[in-house]
Every structure is written in C-alpha cells, then in structure tokens.
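Throughout, read-outs are computed from the coordinates displayed, never taken from laboratory work. Keep in mind that what you see is a predicted model, and the values were worked out from it rather than measured. Please note: Cβ atoms are built from the backbone with ideal geometry, for glycine as well, and neighbour counts cover all protein chains shown.
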Amino acid sequence: MSNKIQTLSGYIHEYAKSVQNPDLFWSRVADSFFWQKRWDKVVEWNFDDPDVKWFTNAKLNITENILERHLFIMGDKPAIIWEPNDPEEASRTITYSELHKMVCQFANTMKAQGIQKGDRVIIYMPMVPEAAVAMLACARIGAVHSVVFAGFSATSLADRINDCEAKMVLTADGNFRGTKKIPVKAVVDEALEKTTTIEKTIVLKRTGLDVTMQEGRDIWWHEAIEGVSTENKAEIMDSEDMLFILYTSGSTGQPKGVVHTCGGYMVYTNYTFQNVFQYSQGDVYWCSADIGWITGHSYIVYGPLLAGATTVMFEGVPTYPDPGRFWAICDKHKVNQFYTAPTAIRALQAYGTEPIGPYKLDTLKVIGSVGEPINEEAWHWYHDHVGKGKCPIVDTWWQTETGGMMISPIAGVTPTKPSYATLPLPGIQLAILDNDGKELTGNSVEGNLCIKYPWPAMIRTTYGDHKRCQQTYFSSFKGYYFTGDGVKRDEDGYYRILGRVDDVINVSGHRMGTAEVENAINEHPKVVESAVVGYPHDIKGQGIYAYVICDMEGRSEENLTSEIRQSVTKIIGPIAKPDKIQIVSGLPKTRSGKIMRRILRKIATKEVSNMGDTSTLLNPEIVEEIMEGAK
Ligand code: 7RM
C-alpha cells in the first residue's frame, strides 16, 4: 500500500508532514479505504469538553473494508488461521470469502433475534474464530460490541452488562485452557441473575460441557444460524457512530467503558498495523493476546483484517502442552510477525532456551511486545533466542484509550533500543509535562506523558458518563490528553515508558485499579479496611500486595488470607488475586485520612532504608509495625 513507510528518511518526512498538515496527511491515508460517502472535514476537535470528530459526515461500514474490499482480489486468501488449545485437534483456516459468509450469516442471525443498529451486545467467548465473527457481525449491522475477557467473574460481567444496558450476550458452553475446561455459560447464567436488560443469549458449542439453556432466552449458535442467508447488506454508519465499548480499569473502583468510533479507528488501526509490522501480502501474522483486551481488538481482528492480512488466533496458553507451544505454532503456521507481551516472554524465559531448541523459527521477520515495559534482560532474550538476532523488536506503547499503537519502532525502518518504545508514529504529537503542567522541551527530560493533538483512533467518551472522560484524561493538564504514564526522553530523543504515575497497576499486562482490588477485598465480611499497591514481580511485571485490617475473631490468619483471595477471584477474576496479603492493625494515614500509599509501596518493594518524613502522619507508629510484619 502506498502509505507504507520504507526508509528512515521516509519516516522523518512522513512524520514532519503529519505535524505540519495533519488534514492532508490523514486524508491521504484515508483515501485508500472504501467510503460510502467522503468526509466534509478531516478533523474537528477541542480537548476541553473534549469533543473530537474524525472524517466528519463520512459514511462507511468497517466490515466492507475488511470483506468486500478484499474479496475480489483475494477471496481465497486465509483471513484467519485458528490454532486450538489441543495441538492434536485440527487447526482451521478461514478465507476472506468464507469469513464474509460467516459474518453476513451471523449478522442476519442477530437481526432475526432482535438486534438493531445502536444496541449493545456483550461478547463473552473463548478464543475461537466465532468470537471474531461475532465482533464483525455486530459492526456489520451497527450494533455496538463490548467484549468482556472470558476470565472475568460473573460480578464483573454483570457490572459491564448493566453499565451499557446490553440486550444480548454471545457466549460458549466452555473454554479450553491448557488441561482445564472452564465453564463459561455457567458464569453468564450467574451474571444474568444480576441484570435485567439481556433478552437473548447465543451459545456456541465448543467444549461439550453441560449447560442449562433457559427457554425463550438461550439459543444454540448452530441452531440459530441454521438456514440463515449468508448475504447481508452492510449498515451504513456515520464515521463517528460507535463501533465498540471496551471496559478498562482506572484509578477509581469502577472500570469505565472506553468508546471507539468507526471511521478514525478503521484508518488508524490499519495504518499502524501495516507500518509497524511492515506486513507484506502473503505474510502470516500472529498476535497472542486475547480478544478481550484492546490488543486483540486492534491487532488480531481489525488492523490485520483491514489490511487483508492472514491473522493467527490461538485458543490456548503458552505452556500447554509444554513451554515450547508458542514456538511450535510459529513453525507450524510459518509465522512472519509475532506479537506478544513481556509477561509471556519472562514466563517462558524462566524455562531456559531448551523448549525453543526443537524449533527453527526461521520464518520470523518481526517480533513485537506490548502491554507493559519490557526489561532489558527479557528484551535481549527475546531478540537473541526467539528472533535469532535478526528480527527487529517493535516495543509498542499504547493504551485502550489510544485505540492503536502510538510510540513504536517501525520494523526494520527506524532504530530499536532495548527497553525503549523509541519514537512516536506519524500523526502522534507527544508532550512531556512536569507536575506543574509546564511542557519540558529538549532532550534528557522526564515527566508526565501527554498528547497534544488528536489522532484518529483516540477515545471519544466513556460510555454514559462524558464528564468522567473529561476528568480522567483531559483535566490534569489543560489542553492535553494525559496518558497516566511517566516517560523519559533520552539524550537522543528516544522515549522510554517508566510506568504508571497513578493508582493503576499492571499485572501481566492487565490493567487494574488499586481501588478496584481494594473494593473486592473489602467485600469480605471480616475485612475492616485495605490498601493495595503494586510491587516489582519477576514474571508478572508487577505483583499485587494487599495490606488488610481484619476482625480476627474466630479466624486464623491463614484461613482469612485464603478466603480473601477467593473472594477477589469471585468478584473480579483470578487475574486480580493478591500475591501477598499482610494482615495489619492499621494503615498509615495523613491527617485528612488519606492512606499514604507511598509508604506502603516502599515497604512492599523492600526499599525501607529511607521512609521519608513520617512525622506528619496521623499514626506514625504504625509504619514500624507494618515493616516488622512484612519481614
Ligand atoms: C495496549 C495496552 C495501557 C498501559 C499503558 C502503559 C502500559 C502498554 C507498553 C506499556 C511500557 C509498552 N493497553 N503499556 N504498552 N508500558 N511499554 N510498550 O496494553 O489499556 O491495557 O494498558 O499499559 O502503562 O498506559 S492497556
């Protein structure tokens, strides 16, 4: 495609053009898509409300750009290669024309079950091609999907259903994960006891686990699609119509629904996919994320399929049947671009290089990283043993809210640097601000990472609560989008992400609010109060450390901590289970009653030599006691 950057000077040139004349730059990129009607204006925006519109009044359907746009020249090309959990089970290949039929048929099916443009549909499914079909079928008819990661609990699922007042849940009987069969429909049943808006569920048969089907509400997928037409005329959408909602954690207790819209998201995910991975026709690309996260949305489904790529979808886990599984899949499907998370790299690194031994990995051209900072050791291991020293690593920094990659090398085109996301992609105008909101110019500076100009895939609102969007992202620094991350720009102008500066922790690439975990802990009847902080963890990046005040009567410490772990699993899901729980008699507080997390973080990270001034605390004596207990 003509928008592919191929040289370093090309990058410098494109970047400069994108800043000098963003309208011209993005309209050129957007011209390669199929629009039912062209836009009147490229971008209209202010960061105060905020109010951001891309490709105003343009009409399109994103699935026409994925399906119809590619059918003519490459209908027989594989769109999705699916690799099941069990390596003995056959993989599946779905071509663009097959995908077209599946999407159209399921779009018609949802319509027949009462879904209309604008309705919200929850997708709570394992990593099977039907999950991608479900997303695209929603987009086809203008329904708004909200994918909920299938590892989330019934309570989390119910909260999301209630927040967006969804009408339908698309799910499956169960989920194969390694040696386990996880009941999925049973979780949906439990969630639906706490909701009132769901009219229908459609249930894919995958594991054969026993399920209860509620008459009039639950339908089997294979029965629902039976005899339904595989032709469907795409709904014509406005560029700014909602495409999807994806819930993500912030520093408050309640996850928020990040809203993405059709036109800008389409243009940006395709553009960044092509450029960062340098995808060429015929390549096989694999991203190991789950579709429940933004990475799965943008870089398993939308970005690659918009680019007419072949995207691999893997149902299982990296260590089943053994820790060589990722590499087996790379060889089996001749993967050219592989995209994963530092936590997976570190987990596999812990098994040494032996599991890699049997595999050639000679088709790999580009390897990528996303979700959290990648430490230098893991970077080198990935580079040397997976990339065999010949594949550039694209360390891509971005967020659910940014919709697509923002800071990243362009593979083989711009330089890489271990543990650095390196340079902004074209169109991305970064700013580093100090805590007083002053922009720090020049190199060798460190501060809050902000963005000062809109980009097509940026968040438009938080569902049902625009004020929250304004306060979370646009109020810390007036006129800027604030990412919540700290960043350093080094002496050469390269960017290194330093991690969150707010009360958000990142455990194995999963974002969680400390408040969210605290709320779950506090649900336990014996818990009086709790405080949660992150601490460095060898594999997960950050671990969860919970300080808990409990009513100990009639309970042992051991019982209580295991009950607390269970209740967090029940309320949020296993990913939020605290790694360490310390029962304490009090928490360090300021005179106004705020918990001093700074102190708790120091204790959790064992940096206790300098605790700073604790004399202004309401209860300075507690610090010593907690430090003692931590030993
Ligand atoms: C894509 C995704 C976003 C947060 C973000 C950062 C952290 C993501 C990197 C990274 C350092 C990276 N979306 N983060 N990528 N930190 N280097 N390459 O992960 O919404 O789930 O998380 O993740 O803190 O703000 S997310």
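Tabulated values for the structure
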item: Other-chain or far-sequence residues with amide H under 5 Å of T614's (modelled H); result: none
item: Chymotrypsin sites (Phe, Trp or Tyr not before Pro) within segment 396-426, DSSP loop, no more than 12 other Cβ atoms inside 10 Å; result: none
item: Of the GluC sites (Glu not before Pro) in segment 197-278, those whose Cβ has at most 13 other Cβ within 10 Å and which sit in DSSP loop; result: E215, E226, E231
item: Rel. contact order, % - alpha carbon contacts under 8 angstrom, at least six apart, the chain; result: 12
item: Euclidean distance of C-alpha centroids, segment 508-569 and segment 93-141, integer Å; result: 38
item: Long-range amide H partners of F244 with built H, under 5 Å; result: H260
item: Whole-number Å³ per residue for the convex hull built on Cα positions in segment 174-284; result: 249
item: Label-point gap, in nm, between L498 and K570 - each point 7 angstrom along Cα→Cβ; result: 4.1
item: Cα-centred dipole magnitude for segment 389-480, charges only on beta-carbon of K, R (+1) and D, E (-1), debye, nearest 20; result: 200
item: Contact order relative to length of segment 292-442, as percent, for alpha carbon pairs under 8 angstrom and 6 or more apart; result: 17
item: Peptides 56-63, 596-603 ordered by average Cβ neighbours within 10 Å, highest first; result: 56-63, 596-603
item: Relative packing of 539-549, 439-449, which averages over residues the other C-beta atoms within 10 Å, highest first; result: 539-549, 439-449
item: Cα centroid of segment 273-339 to Cα centroid of segment 602-625, whole Å; result: 46
item: Hz values of 3J(HN,Hα) by residue in segment 69-76 - Karplus curve (6.51, -1.76, 1.60), Gly and Pro given as x; result: 4, 9, 4, 4, 8, 8, x, 8
item: FRET efficiency, 1/(1 + (r/R0)^6) with R0 60 Å, evaluated for K478 and E89 via beta carbons; result: 0.65
item: Structure-based [θ]222 nm, the chain - -39500 (n - 2.57) summed over DSSP H runs of at least 4, per residue, nearest 500; result: -8000 deg cm²/dmol
item: Sites T179 and N435 - FRET efficiency at Förster radius 35 Å, r taken between beta-carbons, to 0.05; result: 0.10
item: Förster radius 41 Å - calculated FRET efficiency between S229 and N57 (Cβ-Cβ, nearest 0.05); result: 0.85
item: Inter-probe distance in nm under a simple model that places probes 7 Å from Cα toward Cβ, at I12 and E199; result: 5.9
item: Mean Cα-pair separation over length for segment 357-407, i.e. relative contact order, pairs under 8 Å, 6 or more apart, %; result: 39
item: Overall dimensions of segment 273-425 by Cα: Rg and Dmax, Å; result: 14.0, 40
item: Using θ = phi - 60° and Karplus 6.51 cos²θ - 1.76 cosθ + 1.60, couplings along segment 5-14 (whole Hz; Gly, Pro as x); result: 7, 10, 9, 4, 5, x, 4, 4, 5, 4
item: Peptide ranges 171-178, 520-527 listed from the most packed, as the mean C-beta count within 10 angstrom indicates; result: 171-178, 520-527
item: Nitroxide proxy distance, nm - points 7 Å out along Cα→Cβ at E625 and D384; result: 4.9
item: Gap separating the Cα centres of segment 215-272 and segment 36-61, nearest whole Å; result: 19
item: Rg(Cα)/(2.2 N^0.38 Å) for the chain, N = residue count; result: 0.95
item: Sparse-neighbourhood loop sites, GluC sites (Glu not before Pro) in segment 536-572 - DSSP loop, at most 16 other Cβ within 10 angstrom; result: E553
